[in-house]
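All remarks here apply to the structure that follows.
The values are calculated or read from the model by the stated rules, or taken from the named source; none is laboratory data. The model shown is predicted, which means the values in this text are computed figures rather than measured ones. We place every Cβ from the backbone using ideal geometry, glycine too, and count neighbours over all the protein chains shown. SASA here: full protein model, heavy atoms, side chains in, ligands and nucleic acids out. Shrake-Rupley method; radii C 1.70, N 1.55, O 1.52, S 1.80 Å.
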Amino acid sequence: MGVVNLMGRVYMRELECPFRTADREVARLAETTPVILVDFHAEATAEKIALAWHLDGRVSAVLGTHTHVQTADERIFPKGTGFICDAGMTGPHDSVIGVQKDQAIRKFLTQLPTRFEPGERGSPAAGRSPGAGRGDGRCRHIERVSVPLGPQARGAVK
């Protein structure tokens, strides 16, 4: 299995083009494996969807990350690439995308620089489960995964 990590450019600092980088790295990995997973760390859903269309049929899956909120748009593109805009977050449940609530709210209210610390309660797991099969690297199945903490575990886990 090959893994490519890319960063998007919309609303983020100037970086090398993720589309051209993907073309280069996917071609290199395809020489040794048909199963290629792309982790695309980007802000804009449009950029993530565009990259998935660009890579359709050349990679097994494009899994978006960065916004911490699991999306409900998992699908398999026509040429066999699995996709989701954001795989979600594994981290403190009682938080604002993993940050202590009061700190995040203070930042929004004051617009001043604020030191962020991780939230404290619970760590549900969220993600995607893409399945490639038959040796050709095409995605056969993609499913959202979310494992919330049970009520009895919430108070005990920090």
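Some points to look at:
- Packing-based ranking, highest mean first, of 8-17, 72-81 given that Cβ atoms within 10 Å are counted: 72-81, 8-17
- The modelled label-to-label distance between F116 and D136, using points 7 Å beyond Cα along the C-beta direction, is 4.2 nm.
- With N the number of residues in the stretch 1-115, Rg(Cα) / (2.2 N^0.38 Å) evaluates to 1.22.
- R140 contributes about 90 Å² of solvent-accessible surface, heavy atoms of the protein only, 1.4 Å probe.
- Within the accessible area of the stretch 1-104 (1.4 Å probe), percent carbon and sulfur: 57 percent
- Quick note on the stretch 10-63: its Rg to Rh ratio, both from C-alpha atoms and Rh being the Kirkwood radius, is 0.96.
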